[in-house]
1. Within segment 392-419, track down each residue that is more than 16 Å from ligand 1 (Cβ to nearest atom) and either under 20 Å from Ile300 (Cα atoms) or touching a helix residue (DSSP H, G or I) at 6+ places or on another chain (Cβ under 9 Å) (or both).
2. Pick from Gly426, Gly445, Gly450: which is within 11 Å of ligand 1 (Cβ to nearest atom) and in contact with a strand residue (DSSP E or B) (Cβ under 8 Å, 6 or more places away or on another chain)?
3. Across segment 61-91, what is the total count of residues that are farther than 17 Å from Glu143 by Cβ and open to solvent by less than 60 Å² (accessible area, probe 1.4 Å)?
4. Report whether or not Thr270 is more than 30 Å from Lys474 (Cα to Cα) and in contact with a Pro (Cβ under 7 Å, 6 or more places away or on another chain).
5. Right, Lys122: open to solvent by less than 30 Å² (accessible area, probe 1.4 Å), farther than 15 Å from Ala457 by Cα and touching a residue at least 12 places away in the same chain (Cβ under 8 Å) or not?
6. What strands (runs of 3 or more DSSP E) lie completely within segment 344-447 and have 1 or more residues being at positive phi and open to solvent by 20 Å² or more (accessible area, probe 1.4 Å)?
7. Tally time: how many residues in segment 61-82 are within 16 Å of ligand 1 (Cβ to nearest atom) and either under 19 Å from Gly117 (Cβ atoms) or modelled with pLDDT of 95 or more (or both)?
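The values are calculated or read from the model by the stated rules, or taken from the named source; none is laboratory data. Everything numeric in this text was worked out from a predicted model, so none of it was measured. A quick note on method: Cβ atoms are made from the backbone with ideal geometry, for glycine too, and the neighbour counts reach across all protein chains shown. All accessible areas refer to the heavy atoms of the entire protein, side chains included, with ligands and DNA or RNA removed. Shrake-Rupley method; radii C 1.70, N 1.55, O 1.52, S 1.80 Å.
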Amino acid sequence: MAVKRKIIKERVPTPERPVEERIHDFKEVNLGYTFELAVKEAERCLQCPYDYAPCIKGCPVHINIPGFISKLVEYRDNPDKAVKEALNVIWACNSLPATTGRVCPQEDQCEKNCVMGKVGDKVNIGKLERFVADYAREHGIDEELLFEIIPKIEKTGQKVAIVGAGPAGLTAAGELAKLGYDVTIYEALHEAGGVLMYGIPEFRLPKDIVEKEIDKLRKLGVKILTDHIVGKTVTMEELLEEYDAVFIGSGAGTPRLINAPGINLNGIYTANEFLTRVNLMKAYKFPEYDTPVKVGKKVIVIGAGNTGMDAARSARRFGAEVTIAYRRGEEDVSAREEEVAHAKEEGVKFEYFINPVEFIGDENGNLKAVKFEKMKALDERDARGKRKIVGTGEYVTLEADTVIIAIGKHPNRLIINTPGLKVERGKIVVDENLMTSIPGVFAGGDAIRGEATVILAMGDGRRAAKAIHEYLTKKREGQKANA
Ligand code: FAD
Ligand code: SF4
Ligand code: SF4
């Protein structure tokens, strides 16, 4: 007989650090659930059947969401068991839940069509996922589960190279290691993690969490070679001689620029450079760390995606007055809802329907203002469903000594120039199995999609691992038959 559930309309909130405190440091803003709060929130889930549950359909990697949530309630008297069971369900589809629980745009994915939304607040799936991962890490439960998996791995004797240690490459590496492959990641930077390390700031995703997720891969036997640039330190041909297959997860790290007079003035950064200095080089701890970053008094961030929001909130933490300038309206802001709310709470201002046309400098070549054309939206929509915008011929000038450009990124160039690799509009072309035009070379994540999301990159990593496994199993069987 079906259990009758009591409807609890209101979401259990997660504690957050007060604005006046957090604005002065880079420590995490949201503090997450305790076990007691997580159970209270888990009780709100109506446990929709697996085949129907809209949350599972909305999650790009199809985690059994009611399945993991139910474990928290079922074993509420034994937190360690509850979390171990829940993590086991999550890990079947997602190996980086501490990350995705923090950075997925849940409002557009798993939480979008949660049925609780019809009567009250949607279930806080992201924060529950984050809780399970955090509790498991803090209590050694994830290691326990990992050490149950490791002895069951049967080695295949085949080797796979991965290009790039972002979410796509890390996920492919983990899945392939579990399938028995000898996996080596080649990473261009001095630290693994991709955007998780160099792009997303500490106050949203603490770096020690990413490092611990990467440590788990090392325990699975994955080798990570940092400061190794494929296309420079080692070529694709050399990789193909040494390895049985290659996965490219090189991301989209080449920033788009604005073609306007004055773009080379002092004080203009790309968000990529600014955030890399802040996150990877720890510029916010200068002079303890030796890379400085110069942030002026008046900062304009151009672009209102996650990158723009991260740049704006980082600049606020350096004490600047910060304005986000966006050429469209508020309805088209693409950053996660939580980040926009946090940015507003932290005093970031928003100016909509303005597009930069000129950067104005002083006699020393330093930026002092930005001239914008005012824009207006038409009723007609573009291919992405956004209202088309046009210039009005009217202009406005805003003072600024620093500009951070966050208008998107292209896939990394070096890999794209690999001989024989088919590329269209800057993105690597793949077939339905994520194989590129070079046999045995697969690709996924931002390198094939352009700038997308962490979970889509991870989903590609999993799919590619499965396809590589099938490809290499056939290769092994072929070799046996010919022996
Ligand atoms: P990346 O994370 O870019 O990793 C690629 C890796 O490959 C990098 O480490 C790079 O150094 C390495 N590499 C490149 N070329 C080579 C080479 N030739 N040889 C060796 N290594 C190479 N998504 C969300 O879902 N939620 C968010 O909140 C969010 N916020 C974001 C904030 C910022 C500031 C940015 C920039 C992006 C954000 N995104 C967010 C997008 C998300 O981070 C990306 O979609 C995701 O990281 C893509 O993963 P990837 O593995 O394909 O590439
Ligand atoms: Fe939601 Fe992302 Fe977790 Fe899927 S991986 S359940 S979309 S938070
Ligand atoms: Fe629970 Fe909402 Fe998913 Fe239904 S849709 S199972 S209520 S999280």
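1. Glu394, Tyr395, Val396, Thr397, Leu398, Glu399, Ala400, Asp401, Thr402, Val403
2. Gly450
3. Here the count works out to 15.
4. Values: more than 30 Å from Lys474 (Cα to Cα): yes; in contact with a Pro (Cβ under 7 Å, 6 or more places away or on another chain): yes.
Taking the combined requirement at face value, the residue satisfies it.
5. no
6. Where strands (runs of 3 or more DSSP E) fall fully within segment 344-447 and carry at least 1 residues being at positive phi and open to solvent by 20 Å² or more (accessible area, probe 1.4 Å), they are 387-399.
7. Applying the first criterion (within 16 Å of ligand 1 (Cβ to nearest atom)) to segment 61-82 yields 61, 63.
If we keep only those that are either under 19 Å from Gly117 (Cβ atoms) or modelled with pLDDT of 95 or more (or both) too, we end up with 63.
Final tally of qualifying residues: 1.
Listed here are the residues, each with its yes/no results for (1) closer than 30 Å to Glu363 by Cα; (2) assigned by TED's automatic domain parsing to the domain that holds Glu339; (3) at pLDDT 95 or above.
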| position | (1), (2), (3) |
| --- | --- |
| Gly231 | no, no, no |
| Ala271 | yes, yes, yes |
| Arg277 | yes, yes, no |
| Thr291 | yes, yes, no |
